[in-house]
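Taking it in order: structure first as structure tokens, then the write-up.
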Amino acid sequence: MPRPPVASRTQMIRRINLTLEGPVAEVLSHLVPELKKLPRRGVLERVLDDPDLLDRCFRAFRADPERFRALLVDRHNVPVTQADALLACGRSLDDIVAMLVRTCAKRQFRRRLDGLSRPLRPGPPPPAQYRPVRQDGLIRRLGRLLTAQGREAGAARSRGEALYDAFKDYLRHDWQVPLVPEYSTLSPQLVRQLGARILEYRAVEDIRRLRENPQEPPPPSTLLEAGPVSSPLTAPSRPGAPPPPAAAGDRRARLLRCFSPDLKRLRSEVFAPILLDPAVRGVLSSPASPDQTVRLNRVLAEVAGRPARLLMEELDLGPEQLTVLMLVAHERIGAEAFSHAFGGRSTLDYVAKVVERARGFGLGADTPLPEVAAFTRRLFAAFRPGSGGGKR
């Protein structure tokens, strides 16, 4: 979606802030008792200054989203049922959640590291794209297809600003708010080293272990145990409601079934039969022959666990959808680039860019396999294996 002119963006953010401080705060005041004690003017500032209070507000929304139904409408006053659908303000719920999480984190970082706190200022929400990482060769060519390269070097940054710059592309989920105080104890270097892997660490204890072992980051203890990582509005029937325990358990079980016990590779006994499925073979360019089946099995065997988990968790993909996405990507970009992008040498920063583009396309659990294949071919349409550059 094209970004509006600066004046329009400023007006949009001001409208969002007024809505949050007015109607949204009014509803929340009946669910979060602390808000009743705060003056209505400036309540948003106070909430953003307090990660614990912001977390309770998010939890209140998740627990009783129907109270907010009249506010979750598009510009035609039609209720929205998806977190990435545009609201009447011109931004999606995902955008607003990310804006609040980033603002809270930035204020905490500046207060804890610089001893400063700036008042809320109207401005554009941070971009959803991921910061480009240092890459070379094939992975750089792939990256050009997904994000603009290069940023002008800015002035010297304070410690809080430097940490925020390293973190901001990975601050977008409401479940991260309780982690913000612990995030402030990490170094920008460690955050840049981890990149999108920081999203795998979802418990306070995990962040503390990262701080204590920056040279050898420990594996996250809560991997595949924290449920969905999407924003509050996810289920058309009751937006914002957390999944019931049985559903969350079923989802984790389905994910775990797809991976080896150490979570480092795809489980062949799950994916090999998928290659024989006519619905899967029908969207691939390869003919349905025994030799091709062996070759495709080898392609899937090269997919590393971390990029596959990120795709499946963030987009809620099933094994058939992941199979199509991986095999079509391989046929479009070739073996060497595929290994850099999705194999053992993969940087999750690059995979996160693919996730962001997939979200924009609307890829998800209900996307038919032909549409998964069409999206992947379109995503890598400009990449030519063996050429010296990316998009022409």
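Values quoted throughout were computed directly from the atomic coordinates according to the rules given, and no laboratory measurement underlies them. As the structure is a computational prediction, the values presented were derived from the model and not from experiment. Ideal geometry is used to build each Cβ from the backbone, glycine not excepted, and the neighbour counts take in all protein chains shown.
Details
- Computed from phi, the 3J(HN,Hα) profile of region 367-378 under the Karplus parametrisation 6.51, -1.76, 1.60 (θ = phi - 60°) reads 6, x, 4, x, 6, 4, 5, 5, 4, 5, 5, 5 Hz, with x in place of Gly and Pro.
- Spatially proximal lysines relative to Lys106 (Cα-Cα < 30 Å; intrachain offsets below 8 disregarded): Lys36, Lys37, Lys168, Lys353
- Two-site label geometry, Asp114 and Val78: point separation in nm, points 7 Å out along Cα→Cβ: 4.3 nm
- The translational diffusion coefficient of region 1-106, from Stokes-Einstein at 10 °C and 1.306 mPa s with a Kirkwood hydrodynamic radius over alpha carbon pairs, comes to 110 µm²/s.
- Amide H contacts of Phe259: Arg267, each under 5 Å away and 5 or more positions distant or on a separate chain (H built 1.01 Å from N in the peptide plane; Pro and chain starts excluded).
- Unit charges at the beta carbon, dipole of region 267-350: most positive-side option, Leu300, Val280, Leu315: Leu300
- Phi angles across region 195-207 convert, under the Karplus curve 6.51 cos²θ - 1.76 cosθ + 1.60 with θ = phi - 60°, into 3J(HN,Hα) values of x, 5, 4, 4, 6, 7, 9, 10, 10, 4, 4, 4, 5 Hz, Gly and Pro given as x.
- Extension gain (nm, one decimal) between Glu205 and Leu256, 0.36 nm per residue minus Cα-Cα: 16.1 nm
- Dimensionless Rg ratio for region 4-63, taking C-alpha atoms and the 2.2 N^0.38 Å reference: 1.20
- Amide H partners (placed H, <5 Å) of Leu363, local residues excluded: none
- Rounded to the nearest 20 debye, the dipole size of region 20-107 about its Cα centre is 200 debye, using +1 on the Cβ of Lys and Arg and -1 on the Cβ of Asp and Glu.
- Under a 5 Å amide H cut-off, with hydrogens placed 1.01 Å from N, Ala304 pairs with Gly343, Gly344 among residues at least 5 apart or on other chains.
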